[in-house]
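Okay, so here's the structure we're looking at.
The values are calculated or read from the model by the stated rules, or taken from the named source; none is laboratory data. Source: prediction; values computed, not measured. Every residue, glycine among them, receives a Cβ derived from its backbone with ideal geometry; neighbour counts consider all protein chains shown. Note: accessible area is taken over every heavy atom of the protein model, side chains too, but ligands, DNA and RNA are not part of it. Shrake-Rupley method; radii C 1.70, N 1.55, O 1.52, S 1.80 Å.
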Amino acid sequence: MKPPPRIRSSPGDLLSDPSAAPRLIAHADMDAFYASIEQLDNPELRGKPVIVGGTSMRGVVTSASYEARKFGIRSAMPTVEAHRLCPDGIFIAGRMGRYVEIARRVREVFESFSPVVEPLSLDEAFIDLTGTQRLFGTPVDLGRALKRQMLERTGLIVSVGIAPTKMAAKILSDLSKPDGLLVITAEYLRSFLDPLPVDRLWGVGRVTLERMNRAGIRTIGDLARYDVSVLRRMFGSAGPHLHELANARDPRPVIRDWQRKSYGEESTFDRDLELGSLELRRVFVAHSEAIGRRLRADRVRARTVTVKLKLARALGSGRYPLLTRSATLEKSTDDGATIAQTALNLLARVRVPERVRLAGVQVHHLERDDEMQLQLFDSPAGHEARRWRLNRAVDDVIRKFGDNVISLGLVQAAKASPTRRIK
Amino acid sequence: MEIAINRVALLDALSMIQGIVERRNTVPILGHVLIEPAEGRVRLSATDLEVGIRTELTAEASDPASFTLAARKLFEIVRETEAEQVTIKALERDWMELRCGRARFKMMGLDPRSFPSLPATNGQLDRERGIQAELKLSPDVLANMIDKTIFAVSPDEARYNLSGVYLAAPESGTVRMVATDGHRLSLVDREAGGFAMEGGVIIPRKGLAELRKLLDEPGEDVAHLVIERQLAWLRRGATELSMRLVEGEFPDYQGVIPTESRYQIHVGRDILLNAMRRAAIFSNERYHGVKLAFAEGTLTVSSTSPEVGEASETIDVAFNGAEFSIGFNALYIQQVLNVIPSEGEAVLGLSDEVTAGVITTPSDSKFRYVVMPMRL
């Protein structure tokens, strides 16, 4: 019999080689995070179908309570469709400030189990539990302790998957929902994965799935037994990678200092906006301010600002022309007003006689805000220090009273339904 | 050609010159000292094109032919020798022979005609070049002004307008020196009879540091600093030092000096300096952040370095406002305390954690130090 293909590995891979040291990885994912927070804060909403991110008819659902899911409502579903499925549902714009605040506590619970936590978004993370059994007991004990602590400290429910690889842990937590805990050990890993549909694997999207189905690959087991060289011809370098995953070989480590590359805010409008309109300018300012707040909360500064515009003219099959413009600042910033000014300057340079359906602001080229020395000569004198003080005061107010109590006059109600993308 | 020079006098002159000769040696002649013999004396010159020094010694010379020698090597030879006299003799081409007692050295000189002219007059006041001002001060007073400002000059060469000490006359009969690196600023005023000047000039740090050394040399009771349009120079004893002024506009320093502070806190200079030194042990190596926390009757100086350790020390002070904390770069505070006399007192003028602090001392009412806090 031919030996199994070997993965070429560098010496550094030894540590993360699953055969070298069996790993224990949890994927923890909050159940209906935003909707659950709304139900937690407002008892009247409990037991009712709550849909967050859905006050605008053109937006998409960002979170739906399990009561709403019974109607077939799912995240990322267009709001129009959610309304059709559940006309009596409670549609809420969402309070990002509050969600971020709770997310911080969620993160603290994760970190109380292991220092190696890799957040995937506000409410979802991988936790490397390798070596923590001595502290917390069996993997099942670990999972139960995590769920119990989460409930005690946040009042929210988390679903947990625990496995020797990242991919399996993620699949398990998905399957366990709602309020679930699934654990699998290395010896049963293959037999667990084999019968699952192949699109459970990361990297198998709609197009790949169709091509796999045509090649007779329907389950993960089908893929695992498929000839790698054929897969390479079909899918390029992704082929062998997927083959490895299907064979339960996923040496990717949990990365603690996972570095975010950008921060962005965007929204789709109820009706298309003119390029030069005040409303569009408001949206840019609101997004910029929100980004500034998030940068400051994370103690990060950004140097590049990108604006993104989706034009109203449909290209068919749900696609629209996309315009982006970027500018790099002389000095990194965490000030919403600076980001807004840059975004508006970029906007002024866009000259297309068309309406806009979606507008977004993004910042990248991030650097950690460890330049803590304040400057004597800001231009104009003291401007930057004053902005810093103002921003911090506003941040404090929002942290204490929520983000509806204070905003720029211009921004007032401009952000009816922010959709938020986590990168 | 042959000259004989007293070794100790030559060593003094050469050590003064070492600070100016170009170390990087990108232009070989700038690493050399120009030696010009004349009747009963010899003149030594060195320059890096920005700063120039020229000094005279008594010497026995056979004829007035000039030559150059590598300044660093010459200094080392003269330093290591034990003889009372050093004699230098020209050999063929640009080769020179040095004799110190029984030791002999052979060195290659460069063509003296390629030695650049110094950024200086020949000690003559050249009215056409535009004298802006003449400052006459006691050498001690001038030295003290330099000490109280030069440490705050920016080490960042790119910020050239901050790369020197700003000298101006805020009013007739007063001389002011100001230095800043953009994080802190040091300002000192002194009475200077008859001194007047329109606008101000920026004196480069290197030249000013050399000038400061020269003030320690024996010489006249009055130091006479001449400021021309593009040059400043000072003659003391047999030595003349000249420097090209920094071109550029000094920032609006007056705008950043707080006119008043919420709290005025008096602290013993030595107590605070020692506490800062100890706290600095656990401050960040790059930013040296130290926290000053004020509470009823006390000031707690502390620092934390994750995974390394922490330090804290409480001092009694007359403080009775609302508790607050402010962060500073420990070096910025230590450096100003170092120019306040030992056993003196420092007065910290503070308002809140993001407003510039003002440090003064009763021992010098004309001195002010402004320092921006660090965010903690």
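Contact list please: Cβ distance under 8 Å, first residue in the stretch B:1-28 and among the acidic types (Asp, Glu), second residue assigned to a loop (DSSP other than H, G, I, E, B) and open to solvent by 40 Å² or more (accessible area, probe 1.4 Å), pairs at least six apart or on different chains.
B:Glu2/B:Ser62
Run down B:Val226, B:Val188, B:Val256 and say which single residue is within 14 Å of chain A (Cβ to nearest Cβ), β-branched (Val, Ile, Thr) and touching a Ser or Thr at 6+ places or on another chain (Cβ under 9 Å). It would help to see each step written out before you state the result.
On the way: B:Val226 fails: within 14 Å of chain A (Cβ to nearest Cβ); B:Val188 fails: within 14 Å of chain A (Cβ to nearest Cβ).
B:Val256 is the lone residue from the list that is within 14 Å of chain A (Cβ to nearest Cβ), β-branched (Val, Ile, Thr) and touching a Ser or Thr at 6+ places or on another chain (Cβ under 9 Å).
Run down B:Ser283, B:Ser303 and say which single residue is over 30 Å from B:Gly164 (Cα atoms), within 14 Å of chain A (Cβ to nearest Cβ) and open to solvent by less than 80 Å² (accessible area, probe 1.4 Å).
Working: B:Ser283 fails: over 30 Å from B:Gly164 (Cα atoms).
Testing whether each residue is over 30 Å from B:Gly164 (Cα atoms), within 14 Å of chain A (Cβ to nearest Cβ) and open to solvent by less than 80 Å² (accessible area, probe 1.4 Å) leaves just B:Ser303.
Can you find a residue in the stretch B:45-56 that is in contact with a strand residue (DSSP E or B) (Cβ under 7 Å, 6 or more places away or on another chain) and under 21 Å from B:Glu97 (Cβ atoms)?
No, there is no match, as no residue in the stretch B:45-56 is in contact with a strand residue (DSSP E or B) (Cβ under 7 Å, 6 or more places away or on another chain) and under 21 Å from B:Glu97 (Cβ atoms).
Here's a check for you: in the stretch A:273-305, which residue that is surrounded by fewer than 15 Cβ atoms within 10 Å (Cβ to Cβ) and either farther than 22 Å from A:Arg58 by Cβ or acidic (Asp, Glu) (or both) is modelled with the lowest pLDDT? Give the derivation first.
Step one: filter the stretch A:273-305 for residues surrounded by fewer than 15 Cβ atoms within 10 Å (Cβ to Cβ), giving A:274, A:276-279, A:299.
Then drop every residue that is not either farther than 22 Å from A:Arg58 by Cβ or acidic (Asp, Glu) (or both), which leaves A:274, A:279, A:299.
Numbers: A:Glu274: 89, A:Glu279: 89, A:Arg299: 78.
Among residues in the stretch A:273-305 that are surrounded by fewer than 15 Cβ atoms within 10 Å (Cβ to Cβ) and either farther than 22 Å from A:Arg58 by Cβ or acidic (Asp, Glu) (or both), the one modelled with the lowest pLDDT is A:Arg299.
Does at least one position in the stretch A:145-154 carry a residue that is among the hydroxyl-bearing types (Ser, Thr, Tyr), in contact (Cβ under 8 Å) with a residue 24 or more places away in the chain and out of contact with any Leu (no Cβ under 9 Å at 6 or more places or on another chain)?
Within the stretch A:145-154, the subset among the hydroxyl-bearing types (Ser, Thr, Tyr) is A:154.
Subset that is in contact (Cβ under 8 Å) with a residue 24 or more places away in the chain: A:154.
Checking which are out of contact with any Leu (no Cβ under 9 Å at 6 or more places or on another chain) leaves us with none.
The answer is no, given that none of the residues of the stretch A:145-154 is among the hydroxyl-bearing types (Ser, Thr, Tyr), in contact (Cβ under 8 Å) with a residue 24 or more places away in the chain and out of contact with any Leu (no Cβ under 9 Å at 6 or more places or on another chain).
For B:Asp221, work out the one condition from (1) surrounded by fewer than 21 Cβ atoms within 10 Å (Cβ to Cβ); (2) within 14 Å of the chain's Cα centre (by Cα) it doesn't fulfil.
Against the list (1) surrounded by fewer than 21 Cβ atoms within 10 Å (Cβ to Cβ); (2) within 14 Å of the chain's Cα centre (by Cα), B:Asp221 comes up short only on (2).
Among (1) under 22 Å from the mean Cα position of the chain (by Cα); (2) part of a loop (DSSP other than H, G, I, E, B); (3) without any contact (Cβ under 8 Å) to a residue 24 or more places away in the chain, which single condition is A:Arg104 missing?
In the conditions (1) under 22 Å from the mean Cα position of the chain (by Cα); (2) part of a loop (DSSP other than H, G, I, E, B); (3) without any contact (Cβ under 8 Å) to a residue 24 or more places away in the chain, A:Arg104 misses (2) alone.
Sort through B:Ala311, B:Ala346 and tell me the only one that's away from every other protein chain (no Cβ under 14 Å), among the aliphatic types (A, V, I, L, M), under 25 Å from the mean Cα position of the chain (by Cα) and part of a strand (DSSP E or B).
Values: B:Ala311 fails: under 25 Å from the mean Cα position of the chain (by Cα).
Testing whether each residue is away from every other protein chain (no Cβ under 14 Å), among the aliphatic types (A, V, I, L, M), under 25 Å from the mean Cα position of the chain (by Cα) and part of a strand (DSSP E or B) leaves just B:Ala346.
Of all residues in the stretch B:50-76, how many are among the acidic types (Asp, Glu) and surrounded by 16 or more Cβ atoms within 10 Å (Cβ to Cβ)?
Step one: of the stretch B:50-76, the residues among the acidic types (Asp, Glu) are B:50, B:56, B:60, B:63, B:76.
Then keep just the ones that are surrounded by 16 or more Cβ atoms within 10 Å (Cβ to Cβ); that gives B:50, B:56.
Residues meeting the conditions: 2.
Here's a check for you: in the stretch B:169-182, which residue that is open to solvent by less than 10 Å² (accessible area, probe 1.4 Å) and more than 14 Å from chain A (Cβ to nearest Cβ) is farthest from the chain's Cα centre (by Cα)?
Pass one, the stretch B:169-182, residues open to solvent by less than 10 Å² (accessible area, probe 1.4 Å): B:175, B:177-180, B:182.
Still in the running and more than 14 Å from chain A (Cβ to nearest Cβ): B:175, B:177.
Details: B:Val175: 17, B:Met177: 12 Å.
Looking at residues that are open to solvent by less than 10 Å² (accessible area, probe 1.4 Å) and more than 14 Å from chain A (Cβ to nearest Cβ), I get B:Val175.
For the stretch A:375-394, give me the residue count where each residue is facing chain B (nearest Cβ under 9 Å), modelled with pLDDT of 80 or more and either in contact with a Ser or Thr (Cβ under 9 Å, 6 or more places away or on another chain) or in a helix (DSSP H, G or I) (or both).
Qualifying residue count, the stretch A:375-394: 3.
Mind listing whichever residues of the stretch A:317-344 are in contact with a strand residue (DSSP E or B) (Cβ under 7 Å, 6 or more places away or on another chain) and open to solvent by 60 Å² or more (accessible area, probe 1.4 Å)?
Within the stretch A:317-344, A:Leu322, A:Thr324, A:Arg325, A:Ser326, A:Thr328 meet the criteria.
Could you check how many residues of the stretch B:129-175 are under 20 Å from B:Val246 (Cα atoms), basic (Lys, Arg) and in contact (Cβ under 8 Å) with a residue 24 or more places away in the chain?
2
Which ones in the stretch A:185-227 are in a loop (DSSP other than H, G, I, E, B) and under 20 Å from A:Arg23 (Cβ atoms)?
First, the residues of the stretch A:185-227 that are in a loop (DSSP other than H, G, I, E, B): A:185, A:194-196, A:201-205, A:215-218, A:226-227.
Residues satisfying the conditions are A:Thr185, A:Leu201, A:Trp202.
For the stretch B:349-364, give me each residue that is more than 14 Å from chain A (Cβ to nearest Cβ) and assigned to a loop (DSSP other than H, G, I, E, B).
Result: B:Pro362, B:Ser363.
A quick yes/no check of all residues on (1) open to solvent by 40 Å² or more (accessible area, probe 1.4 Å); (2) aliphatic (A, V, I, L, M); (3) at negative phi:
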position	(1), (2), (3)
A:Val109	no, yes, yes
A:Ser114	no, no, yes
A:Glu118	no, no, yes
A:Leu129	no, yes, yes
A:Val140	yes, yes, yes
A:Gly143	no, no, yes
A:Gln149	yes, no, yes
A:Thr165	no, no, yes
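Just need a number here: residues in the stretch A:168-179 that are open to solvent by 60 Å² or more (accessible area, probe 1.4 Å) and either part of a loop (DSSP other than H, G, I, E, B) or on the phi > 0 side of the Ramachandran plot (or both).
Qualifying residue count, the stretch A:168-179: 2.
Out of curiosity, is A:Leu182 assigned to a strand (DSSP E or B) and open to solvent by 10 Å² or more (accessible area, probe 1.4 Å)?
Numbers: assigned to a strand (DSSP E or B): yes; open to solvent by 10 Å² or more (accessible area, probe 1.4 Å): yes.
Yes, satisfied.
Condition (residue is aliphatic (A, V, I, L, M), outside any strand (DSSP E or B) and away from chain A (no Cβ under 14 Å)) applied to the stretch B:232-245: is it met by at least one residue?
yes
Every residue in the stretch B:147-167 that is away from chain A (no Cβ under 13 Å), in contact with a Gly (Cβ under 7 Å, 6 or more places away or on another chain) and open to solvent by less than 10 Å² (accessible area, probe 1.4 Å), please.
Of everything in the stretch B:147-167, those that are away from chain A (no Cβ under 13 Å), in contact with a Gly (Cβ under 7 Å, 6 or more places away or on another chain) and open to solvent by less than 10 Å² (accessible area, probe 1.4 Å) turn out to be B:Val153, B:Leu167.
Would you mind finding the one in B:Thr47, B:Thr121 that is open to solvent by less than 70 Å² (accessible area, probe 1.4 Å), modelled with pLDDT under 90, in contact with a Leu (Cβ under 9 Å, 6 or more places away or on another chain) and β-branched (Val, Ile, Thr)? Please lay out each step first, then the result.
Numbers: B:Thr47 fails: modelled with pLDDT under 90.
Of B:Thr47, B:Thr121, the one residue that is open to solvent by less than 70 Å² (accessible area, probe 1.4 Å), modelled with pLDDT under 90, in contact with a Leu (Cβ under 9 Å, 6 or more places away or on another chain) and β-branched (Val, Ile, Thr) is B:Thr121.
Kindly provide the set of residues from the stretch A:185-209 that are within 26 Å of the chain's Cα centre (by Cα) and open to solvent by 70 Å² or more (accessible area, probe 1.4 Å), ordered by number.
Applying the first criterion (within 26 Å of the chain's Cα centre (by Cα)) to the stretch A:185-209 yields A:193, A:196-209.
Hits for the stretch A:185-209 are A:Asp199, A:Arg200, A:Trp202, A:Arg206, A:Val207.
Among the residues in the stretch B:329-337, are any within 14 Å of chain A (Cβ to nearest Cβ) and closer than 13 Å to B:Asp270 by Cα?
From the stretch B:329-337, those within 14 Å of chain A (Cβ to nearest Cβ) are B:329-333; that's our starting set.
Checking the rest, the ones that are also closer than 13 Å to B:Asp270 by Cα come to B:333.
So far as the stretch B:329-337 goes, yes, one or more of its residues are within 14 Å of chain A (Cβ to nearest Cβ) and closer than 13 Å to B:Asp270 by Cα.
Filter the stretch B:365-376 for residues that are part of a strand (DSSP E or B) and either open to solvent by less than 10 Å² (accessible area, probe 1.4 Å) or within 14 Å of chain A (Cβ to nearest Cβ) (or both) and give the result.
So in the stretch B:365-376, the residues part of a strand (DSSP E or B) come out as B:365-371, B:374.
Passing the criteria: B:Phe367, B:Arg368, B:Tyr369, B:Val370, B:Val371, B:Met374.
Check whether at least one residue in the stretch B:267-280 is within 14 Å of another protein chain (Cβ to nearest Cβ) and on the phi < 0 side of the Ramachandran plot, and report yes or no.
Restricting attention to the stretch B:267-280, the residues satisfying the condition of being within 14 Å of another protein chain (Cβ to nearest Cβ) are none.
The answer is no; no qualifying residue exists.
Tell me, please, whether a residue that is open to solvent by 60 Å² or more (accessible area, probe 1.4 Å), within 23 Å of the chain's Cα centre (by Cα), closer than 30 Å to A:Leu245 by Cβ and at pLDDT 85 or above can be found in the stretch A:14-33.
To start, the set of residues in the stretch A:14-33 that are open to solvent by 60 Å² or more (accessible area, probe 1.4 Å) comprises A:14-15, A:19-20, A:22.
Cutting the leftovers down to within 23 Å of the chain's Cα centre (by Cα) gives us none.
So far as the stretch A:14-33 goes, no, none of its residues is open to solvent by 60 Å² or more (accessible area, probe 1.4 Å), within 23 Å of the chain's Cα centre (by Cα), closer than 30 Å to A:Leu245 by Cβ and at pLDDT 85 or above.
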